[in-house]
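Have a look at the structure below, then the notes.
Just so it is clear, none of the values below were taken in a lab; they were calculated from the coordinates. From a predicted model like this one, the values you see are computed outputs, not experimental measurements. Here the Cβ is made from the backbone with ideal geometry for all residues, glycine too, and neighbour counts use every protein chain on show.
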């Protein structure tokens, strides 16, 4: 079994290479404090074919931090650290984008489809910025949002709009601690970061079973090293206690 939990495929005697679409450790270095997996050499494609976008992503990951208070804050709006991550990329020229795909026969339009809005799109050097790189942050949505993102990446890659897709979510070690420790309120006692929400262990099976199609993917899990003040949450977890979210103003 490799470091991302794959059993090697074997037929008769000898082992075969695992399918290209499965998740493996990256060959390219990423900043510390993240769990990173890639498919179809996405990290090499990003570094070699899109050096600016690779530099942008590395810079944002290196400087990204989440305050423990942000994890504990209540409210149903978009997380402040997710907005901050996107803003950091926007400052480097990335931006939200909705891509429309049209099909024509003999110049006549027969079909038009709009994809869902991409959180952050980094344009390449081709006409219109295509192909580029699409990035989605899924901090604490319902896990079917992963299916939406992967289907969108698959379609956009097939049409030549993107060369790679990136998904940023909670890493497995972070999820293990906060899922059993951080709760929404003393009255309900429900987990704020439940198992059916977006996190690493919900993403891996989808990708390993073909989610994303042939689109090269970079999958990034945020781990405790990126959380400032995480000690108070870790200590509560180690002692079997719960921490209640703090209601927003």
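State the volume of the convex hull built on the alpha-carbon positions of the range 38-94, expressed per residue in Å³ and rounded to an integer.
Normalising the Cα hull of the range 38-94 by residue number yields 107 Å³.
Highest mean first, how do 97-108, 198-209, 82-93 rank when packing is the count of other Cβ atoms within 10 Å averaged over residues?
Packing proxy ranking, top to bottom: 198-209, 82-93, 97-108.
Can you put 218, 110 in order of Cβ neighbours within 10 angstrom, beginning with the fewest?
110, 218
Over the chain, what is the mean sequence separation of C-alpha contacts under 8 Å (at least six apart), divided by residue count, expressed as relative contact order in percent?
In percent, rounded to a whole number, it is 24.
Sum -39500 (n - 2.57) across every DSSP H segment of at least 4 residues in the chain, then divide by the residue count to get the 222 nm mean residue ellipticity, nearest 500.
That calculation yields -9000 deg cm²/dmol at 222 nm.
Using mean Cβ contacts within 10 Å as the protection proxy, how do 165-173, 119-127 order, highest first?
165-173, 119-127
What is the order of 116, 157, fewest Cβ neighbours within 10 Å to most?
Ordered by Cβ neighbours within 10 Å, fewest first: 116, 157.
Taking a ≥ b ≥ c as the square roots of the Cα gyration tensor eigenvalues, with a/c under 1.5 meaning rounded and otherwise prolate when a/b beats b/c, else oblate, which class fits the range 143-249?
Note, shape of the range 143-249 comes out prolate.
Could the peptides 225-235, 146-156 be put in order, highest first, of the mean number of other beta-carbon atoms found within 10 Å of their residues?
146-156, 225-235
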